[in-house]
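Engineer: Mind having a look at this structure? Questions to follow.
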Amino acid sequence: MAAKNKSNELKITRIYDAPVKAVWDAWTDSKQVAQWWGPRGFTITTHSKDLRAGGTWRYTMHGPDGVDYPNVTKYHEVEKYSRLVYDHGGTDDTPAMFQVTVEFSESKGKTTMDMTMTMPTPEALEETRKIIKNHGGNSTWDRLSEYLTKESSGKEKFVINRTFDAPMELMFEMWTNPKHFSKWLAPTGFEMSFLRSDIKQGGSTFYFMTGSGGAKMYGRAEYLEIKRPDRVVYTQQFCDQNEKISRHPMSPTWPETMLTTVTLAEEGPDKTRVTITWEPHGATTREELETFIKAKGGMTMGWTGSFDKLEAYLGDPK
């Protein structure tokens with residue numbers, strides 16, 4: 001179990017299904033880092049990179065709104081395949097916002113990334129939390145997962161994480177008890193009701209969602225794997241009121257079947273990290289795959305809205 005964080009530290013842990021060399025190279029090679037660094041919608045241009053203690057990485061982040069953010073990262077420690085320590089958020093004219101320590105370790109072909117962001121004060125930590133949330137900063141580490149998956153397997157996946165102040169058993173209930181599941185899963189502005197709910201391995205559900213103006217969407221799910229207390233895998237399809245498979249009502253080229261993998265991990269006392277991996281399943285056309293890839297920003301907004309609802313529901317479950 002993780003130790004309690006210091007009041008001026010923010011810790012992030014991710015496990016990537018890739019060897020440590022692949023993760024290290026994705027972090028340190030300028031061409032690779034350009035494929036994933038920054039929140040969704042952001043891109044970067046590297047001007048120079050001197051990967052050594054005392055060296056600097058100069059780059060500009062380009063926001064989706066056209067705003068540029070110059071950055072000068074100064075490296076304090078560089079231990080190949082193992083550890084990076086650097087100052088983040090500074091420029092030639094302004095000091096760094098905080099210091100980052102990243103440690104990489106490999107076990108059974110998977111790499112654990114342990115990151116600690118150390119702020120000058122607890123107040124600075126709270127401000128940084130707000131900035132990360134407002135800009136979707138944690139999606140950076142989701143994009144890294146997607147990039148590593150594509151490099152190793154050629155598959156396109158969508159990944160999103162959120163840490164909740166709840167024990168893992170309770171979070172497992174949120175995903176497997178229909179009473180709870182229906183209260184938060186629907187996107188913002190929609191409500192969800194089950195017409196049939198048999199959430200168990202080999203079971204299935206049939207549900208509908210209603211939105212503003214009386215809009216109604218039907219869907220079905222089939223559960224491929226349920227492993228208490230940390231894993232749920234199911235497929236989803238849109239359908240009509242008779243449970244006949246149909247297409248996305250607002251995107252006819254959306255993949256017919258999606259595979260959802262939910263992984264839960266203990267991140268501290270009564271804290272659980274939820275990782276969602278979403279991908280097209282079964283026969284998928286090139287057009288459907290392109291629709292999926294282009295929709296990752298919208299998927300981030302959709303899952304973020306559902307996670308916000310789950311966070312609120314955990315604070316006052318009915």
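Engineer: Return the pairs, sorted by first residue and then second, in which the second residue is part of a loop (DSSP other than H, G, I, E, B) and aliphatic (A, V, I, L, M), the first residue lies in the range 72-84 and is free of Cβ contacts under 8 Å to residues at least 40 places away in the same chain, the beta carbons are less than 8 Å apart, and the residues are 6+ apart or on different chains.
Structural biologist: Close Cβ pairs (under 8 Å, with a partner that is part of a loop (DSSP other than H, G, I, E, B) and aliphatic (A, V, I, L, M)) amount to Lys74/Ala96; Tyr75/Leu51; Tyr75/Ala53; His76/Ala53; Glu77/Ala53; Val78/Leu51; Val78/Ala53.
Engineer: Shifting gears a bit: If the Cβ limit is 9 Å and pairs must be 6+ apart or interchain, which residue in the range 189-202 that is without any contact (Cβ under 8 Å) to a residue 60 or more places away in the chain pairs with which residue that is open to solvent by 90 Å² or more (accessible area, probe 1.4 Å) and part of a loop (DSSP other than H, G, I, E, B)?
Structural biologist: The qualifying pairs are Leu195/Gln241.
Engineer: On to the next question. Among the residues of the range 116-131, count how many are outside any helix (DSSP H, G or I) and of a type in the set (A, V, I, L, M, F, W, C). Walk me through how you get there before you give the answer.
Structural biologist: Of the range 116-131, the ones outside any helix (DSSP H, G or I) are 116-121.
Still in the running and of a type in the set (A, V, I, L, M, F, W, C): 117, 119.
So the answer is 2.
Engineer: What residue, of Asp93, Asp142, Asp87, is in a strand (DSSP E or B), charged (D, E, K, R) and either open to solvent by less than 40 Å² (accessible area, probe 1.4 Å) or out of contact with any helix residue (DSSP H, G or I) (no Cβ under 6 Å at 6 or more places or on another chain) (or both)? Give the derivation first.
Structural biologist: Working: Asp93 fails: in a strand (DSSP E or B); Asp142 fails: in a strand (DSSP E or B).
Residue meeting the stated conditions: Asp87.
Engineer: Test of understanding: among Gly54, Gly66, Gly38, which residue is open to solvent by less than 20 Å² (accessible area, probe 1.4 Å) and farther than 18 Å from Val20 by Cα? First the steps, then the outcome.
Structural biologist: Numbers: Gly54 fails: open to solvent by less than 20 Å² (accessible area, probe 1.4 Å); Gly66 fails: open to solvent by less than 20 Å² (accessible area, probe 1.4 Å).
Exactly one of Gly54, Gly66, Gly38 is open to solvent by less than 20 Å² (accessible area, probe 1.4 Å) and farther than 18 Å from Val20 by Cα, namely Gly38.
Engineer: Looking at (1) within 26 Å of Thr300 (Cβ to Cβ); (2) out of contact with any Leu (no Cβ under 7 Å at 6 or more places or on another chain), which is the only condition Asp50 fails?
Structural biologist: Against the list (1) within 26 Å of Thr300 (Cβ to Cβ); (2) out of contact with any Leu (no Cβ under 7 Å at 6 or more places or on another chain), Asp50 comes up short only on (1).
Engineer: Let me confirm something: among Thr56, Thr111, which residue is more than 17 Å from Arg143 (Cα to Cα) and of a type outside the set (D, E, K, R)?
Structural biologist: Values: Thr111 fails: more than 17 Å from Arg143 (Cα to Cα).
Selected residue: Thr56, the only one of Thr56, Thr111 that is more than 17 Å from Arg143 (Cα to Cα) and of a type outside the set (D, E, K, R).
Engineer: Okay, next question. If a residue has to be open to solvent by less than 10 Å² (accessible area, probe 1.4 Å) and of a type outside the set (S, T, N, Q) to count, how many in the range 263-277 make the cut?
Structural biologist: Filtering the range 263-277 for residues open to solvent by less than 10 Å² (accessible area, probe 1.4 Å) gives 268, 272, 274, 276.
Add one more test, that the residue is of a type outside the set (S, T, N, Q), and what stays is 268, 274, 276.
Total meeting the criteria: 3.
Engineer: For the range 157-243, please list each of the strands (runs of 3 or more DSSP E) lying entirely inside it that holds at least 2 residues being under 21 Å from Thr300 (Cβ atoms).
Structural biologist: In the range 157-243, 158-164, 216-227, 231-239 are the strands (runs of 3 or more DSSP E) which contain 2 or more residues that are under 21 Å from Thr300 (Cβ atoms).
Engineer: Next question. Considering only the range 184-202, I want to know if a residue exists there that is among the aromatic types (Phe, Trp, Tyr) and open to solvent by 30 Å² or more (accessible area, probe 1.4 Å). Break it down into steps so the answer makes sense when it comes.
Structural biologist: Step one: list which residues in the range 184-202 are among the aromatic types (Phe, Trp, Tyr), which gives 184, 190, 194.
Then drop every residue that is not open to solvent by 30 Å² or more (accessible area, probe 1.4 Å), which leaves 190, 194.
Scanning the range 184-202 turns up at least one residue that is among the aromatic types (Phe, Trp, Tyr) and open to solvent by 30 Å² or more (accessible area, probe 1.4 Å).
Engineer: Restricting attention to the range 280-288, does a residue exist that is among the charged types (D, E, K, R) and open to solvent by less than 60 Å² (accessible area, probe 1.4 Å)? Steps first, answer last, please.
Structural biologist: If we filter the range 280-288 for residues that are among the charged types (D, E, K, R), which is where we start, we get 286-288.
Still in the running and open to solvent by less than 60 Å² (accessible area, probe 1.4 Å): 288.
Checked the range 280-288: at least one residue is among the charged types (D, E, K, R) and open to solvent by less than 60 Å² (accessible area, probe 1.4 Å).
The values are calculated or read from the model by the stated rules, or taken from the named source; none is laboratory data. Bear in mind that the values here come from a model prediction, so they are computed numbers and not experimental data. We place every Cβ from the backbone using ideal geometry, glycine too, and count neighbours over all the protein chains shown. SASA here: full protein model, heavy atoms, side chains in, ligands and nucleic acids out. Shrake-Rupley method; radii C 1.70, N 1.55, O 1.52, S 1.80 Å.
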